[in-house]
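Before any comments, here is the structure.
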Amino acid sequence: MNAIELKGLEKHYDDFDLKLDLTLPEGCILGLVGENGAGKSTTIRLLLGMAKPDAGSATVLGQERPPLEEIGVVLDEPAFPECLSAKKLGKIMAGIYRNWDQPCFEGLLRKLSVPETKPFKELSRGMKMKLSIAVALSHHARLLVLDEPTSGLDPVVRDEVVELFSEFTREEDHAVLISSHIVSDLEKLCDYVAFLHRGRLLLCEEADALREQYVLVQGTREEIDALGAAVLGRRNSPYGVSAVLKREDAPESLRRSALSIEDLFILMVKEERT
């Protein structure tokens, strides 16, 4: 079964339109990459029932109404009552979620070094995010929906959090949708990567397939211009031009180099803007 199915999903605002078809299989992690304003947070709000689509459908864990008991959520701006400490928050969550696991929650607080007695308002942004992650992982959810969950975390903690998300999908019926502008985290973590730009998907592929299918070549401006529509993105410099191509479209005469998913996204978005 697919954990998420978005079919012809549309949301229209005065200055922005989102149109999306997207599938996330169970047992997998999908990274949603996009610049600010691309539609990542709008997609997540539609998934969680926080906004109503203007067209199309969103099915989550086989249901049209998102089963919130089975979804662990981390939003880009964690919001718990400011007076609550992590310890008090755990007691409240035990009354909200049927499957709340207090020992799991306490273990995650220790692992992530979250103070148990300090009020939420006194926590740093990074600590607030870690507390939100601990809550999301402590009620035996089947799906994690994460909006910029590593924002505000230092590199060491980011690595620990990425490992937690990876461990989560070792259960075959678990899945993770994670949006982030820290593409290096997604490269380490995701089975699938979707590029979202101005409310449209530029592509959605398996992460390994992206590395295999696309290549970065270097040449003169004339050599790159001669490739025409095969050029999916480019970067100009005083020393020549670097261009993204599908591997089969890359001439043997041009020098090739490895292409990261981050560079692929940046260059494709620049080409779309142009």
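Only one of the numbered conditions (1) surrounded by fewer than 16 Cβ atoms within 10 Å (Cβ to Cβ); (2) in contact (Cβ under 8 Å) with a residue 24 or more places away in the chain is violated by Tyr239, and that is (2). In the set (1) under 30 Å from Ile71 (Cα atoms); (2) out of contact with any Phe, Trp or Tyr (no Cβ under 7 Å at 6 or more places or on another chain), the condition left unmet by Ser260 is number (1). Checked against (1) hydrophobic (A, V, I, L, M, F, W, C); (2) over 19 Å from Arg158 (Cβ atoms); (3) in contact (Cβ under 8 Å) with a residue 40 or more places away in the chain, Leu68 passes all but condition (3).
When residues in region 95-116 are screened for being closer than 18 Å to Arg158 by Cα and not in a loop (DSSP other than H, G, I, E, B), 5 of them pass.
The lone criterion from (1) part of a helix (DSSP H, G or I); (2) surrounded by fewer than 20 Cβ atoms within 10 Å (Cβ to Cβ); (3) in the same structural domain as Leu108 (by TED's automatic domain parsing) left unmet by Ala229 is number (3). Taking the numbered list (1) crowded, with 17+ Cβ neighbours inside 10 Å; (2) modelled with pLDDT under 90 in turn, Cys190 passes all entries but (2).
The residue of region 56-99 that is modelled with the lowest pLDDT, among those that are surrounded by 17 or more Cβ atoms within 10 Å (Cβ to Cβ) and polar (S, T, N, Q), is Thr59.
The values are calculated or read from the model by the stated rules, or taken from the named source; none is laboratory data. In this text, all values refer to a predicted model and were calculated from it rather than measured experimentally. Using ideal geometry, Cβ is built from the backbone for each residue, glycine included, and neighbour counts are taken over all protein chains shown.
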